[in-house]
Amino acid sequence: MKRLMTSPCAVIAAALTMAAAPAQSADPIKVGMMLPSTGTYARLGNNIKNGFKLYVQEQGGKLGGREIEYVEVDSEANPAKAIDNVNKLIKQHEVDVLLGSVHSGVALAMAKRAKESGTLMIVPNAGADKVTGPMCAPNIFRTSFSNWQPGYATGQAMAEDGHKRAITITWKYGAGEEMVKGFKASFEKAGGKVIDQLYVPFPNVEFQALLTQIAAAKPDAVFAFFAGGGAVKFVKDYAAAGLKDAFPLYGTGFLTDGTLEAQGADAEGVKTALHYADALGTPRDNAFREAYAKAYGDQPDVYAVQAYDAAQLLGIGLAATGGDVHKSAEFSAAVRAATIDSPRGQFTISKSHNPIQNFYLREVKGGVNQVVRIASEALEDPGRGCRMK
Ligand code: BEZ
């Protein structure tokens with residue numbers, strides 16, 4: 001066997017090289033997942049964790065050359081507990097990356113602390129417009145949507161379908177209010193009129209009184225935002241009240257994504273706009289769906305896709321910074337220059353760090369969210385109020 005002779009000079013040179021390497025490069029990157037594992041959004045949180053971990057597994061457990069490790073906190077989709085929960089991740093667990101959340105109110109609290117602490121944050125669902133608006137920052141990114149986007153795309157689709165008088169119904173919190181605002185903007189721009197806006201407190205699912213109001217007002221169509229367990233109950237109640245055939249039901253895609261098994265025949269014919277659909281049939285999406293089903297024994301949904309892409313975005317940024325989460329400017333430049341090869345179709349990240357992406361009009365047929373047409377192509381959130389430093 002050949003013996004290597006090591007001179008004292010070579011030892012010193014090696015020691016200096018080691019000292020010059022970034023101190024953290026040998027350590028794993030800690031991803032703090034602040035997602036709901038209880039309540040109406042529990043399934044959404046679960047699928048986000050699955051989607052993110054799937055991409056990391058596909059990369060051999062490493063991104064940017066560093067192992068990925070997880071710390072999980074149940075956000076409970078509760079904004080009142082969000083500051084305590086995010087502080088636990090930042091201060092107690094000293095995470096390198098914040099991943100969350102599902103609920104817009106929780107995401108706003110996370111973004112506030114991410115901005116103050118400089119912790120890298122990736123939003124894999126919550127659409128709070130402000131996160132990529134006035135709260136935008138070089139270290140905050142989103143791979144899902146702004147609430148304005150799917151609302152706006154649904155308004156365009158409903159108007160194109162020839163409906164003129166609409167009623168909106170949603171939970172009374174940021175996500176519902178902002179989606180209704182987006183919907184109203186495009187629907188009324190196209191000549192429609194929103195004749196009433198109905199709300200239930202989050203996460204209540206007592207819809208009966210409002211369904212009676214809708215029947216009495218006789219709109220051309222109804223726009224709804226609900227998600228998770230609430231979406232299942234709303235779609236079933238809408239059909240049971242006899243409204244489905246009288247007043248076509250539209251919504252942002254969360255109304256029927258990841259929920260169809262539980263909604264059954266009551267969801268047939270419901271039309272929604274979203275940046276993903278079940279039957280895209282592209283090789284990229286087919287491969288993703290197959291891998292997800294193999295890993296988890298379940299079908300993926302939009303939440304899993306958004307999280308898979310959050311891991312892709314992290315990989316792109318880390319590859320450009322040599323695995324350093326603190327180099328925000330380099331991380332941001334790499335992400336903004338990239339085209340993300342998502343199961344939803346390729347998309348890019350805007351200067352306020354929100355996806356620029358197609359929105360599909362889908363219709364539930366045979367228990368599947370089938371694409372009807374592209375409702376809005378390369379839709380970009382206006383990023384109002386974003387002053388990126
Ligand atoms: C939100 O609160 O931003 C949200 C929650 C579920 C689905 C979509 C948006």
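Grab the other residues whose beta carbon is less than 10 angstrom from that of R362, score K and R as +1, D and E as -1, and report the net.
Taking every Cβ under 10 Å from that of R362, the sum is 0.
Step by step: find N for region 148-274, compute 2.2 N^0.38 Å, then divide the Cα radius of gyration by it. What's the final number?
My calculation over the Cα atoms of region 148-274 gives 0.92.
Tell me which lysines have Cα within less than 29 Å of K62's Cα, excluding those fewer than 8 residues away on the same chain?
Those lysines meeting the cut-off are K30, K49, K53, K88, K91, K112, K115, K294, K327, K351.
For region 52-194, what D do you get in µm² per second when you plug the Kirkwood radius from alpha-carbon pairs into Stokes-Einstein at 4 °C and 1.567 mPa s?
Stokes-Einstein gives a translational diffusion coefficient of 78 µm²/s.
At 0.890 mPa s and 25 °C, plugging the Kirkwood radius over alpha-carbon pairs of the chain into Stokes-Einstein gives what diffusion coefficient in µm²/s?
Rounded, D is 114 µm²/s.
Gain in length, A337 to D84, computed as 0.36 nm per residue apart minus the alpha-carbon separation, to one decimal in nm?
Length difference between fully extended and current span is 87.6 nm.
Rounded to whole Hz and in sequence order, give me ³J(HN,Hα) for region 49-66 from the Karplus expression 6.51 cos²θ - 1.76 cosθ + 1.60, θ = phi - 60°, writing x for Gly and Pro.
3J(HN,Hα) across region 49-66, in whole Hz: 4, 4, x, 5, 5, 4, 5, 4, 4, 4, 8, x, x, 10, 10, x, x, 10.
Separation between the K365 and E160 pseudo-spin-labels, each 7 Å from Cα along Cα→Cβ, expressed in nm?
If labels sit at K365 and E160, their model points lie 1.6 nm apart.
Taking θ as phi - 60°, what are the ³J(HN,Hα) couplings along region 373-389 by the Karplus curve (6.51, -1.76, 1.60), each to the nearest whole Hz, with x for Gly and Pro?
6, 7, 7, 8, 8, 6, 6, 10, 5, x, x, 4, x, 7, 10, 6, 7
Using amide H atoms built in the peptide plane, which far-off residues or other-chain residues are under 5 Å from A221 H to H?
Here R165, I167 satisfy the definition.
Using helices alone, what [θ] at 222 nm do you get for the chain, with -39,500 (n - 2.57) per DSSP H run of 4 or more residues, divided over all residues and rounded to the nearest 500?
Helix contribution divided over all residues of the chain: -12000 deg cm²/dmol.
Using only protein heavy atoms and a 1.4 Å probe, report how much of H163 is accessible, in Å² to the nearest 10.
It works out to around 40 Å².
May I ask you to give the percent of accessible area on the chain that is carbon plus sulfur, with a probe radius of 1.4 Å?
Carbon and sulfur atoms account for 54 percent of the accessible area of the chain.
Rounded to the nearest 5, what % of DSSP beta bridges with both residues in the chain are antiparallel?
Beta bridges within the chain, antiparallel portion: roughly 35 percent.
How large is ³J(HN,Hα) for each residue in region 194-201, as worked out from phi by the Karplus curve 6.51 cos²θ - 1.76 cosθ + 1.60 (θ = phi - 60°), to whole Hz, x for Gly and Pro?
Taking θ as phi minus 60°, the curve returns 8, 8, 7, 10, 10, 9, 10, x Hz for region 194-201.
Rolling a 1.4 Å sphere over the protein heavy atoms, what is the accessible area per residue of region 148-274, to the nearest Å²?
For region 148-274, the per-residue accessible area is 36 Å².
Mind listing the long-range amide H neighbours of L198? Cut-off is under 5 Å, sequence gap 5 or more, other chains count too, H placed in the peptide plane at 1.01 Å from N.
The answer is T168, I169, T170.
Give the calculated FRET efficiency between A293 and T38 to the nearest 0.05, with a Förster radius of 41 Å applied to their Cβ-Cβ distance.
0.95
Net charge around M388, counting only other residues with Cβ within less than 11 Å of its Cβ (Lys, Arg = +1; Asp, Glu = -1)?
+4
Test of understanding: express the Cα radius of gyration of region 313-354 as a ratio to 2.2 N^0.38 Å, with N the residue count.
It is 1.12.
The values are calculated or read from the model by the stated rules, or taken from the named source; none is laboratory data. For clarity, every value in this text was computed on a predicted model and none was experimentally measured. A quick note on method: Cβ atoms are made from the backbone with ideal geometry, for glycine too, and the neighbour counts reach across all protein chains shown. What goes into the accessible areas is simple: the full protein's heavy atoms, side chains included, and nothing from ligands, DNA or RNA. Shrake-Rupley method; radii C 1.70, N 1.55, O 1.52, S 1.80 Å.
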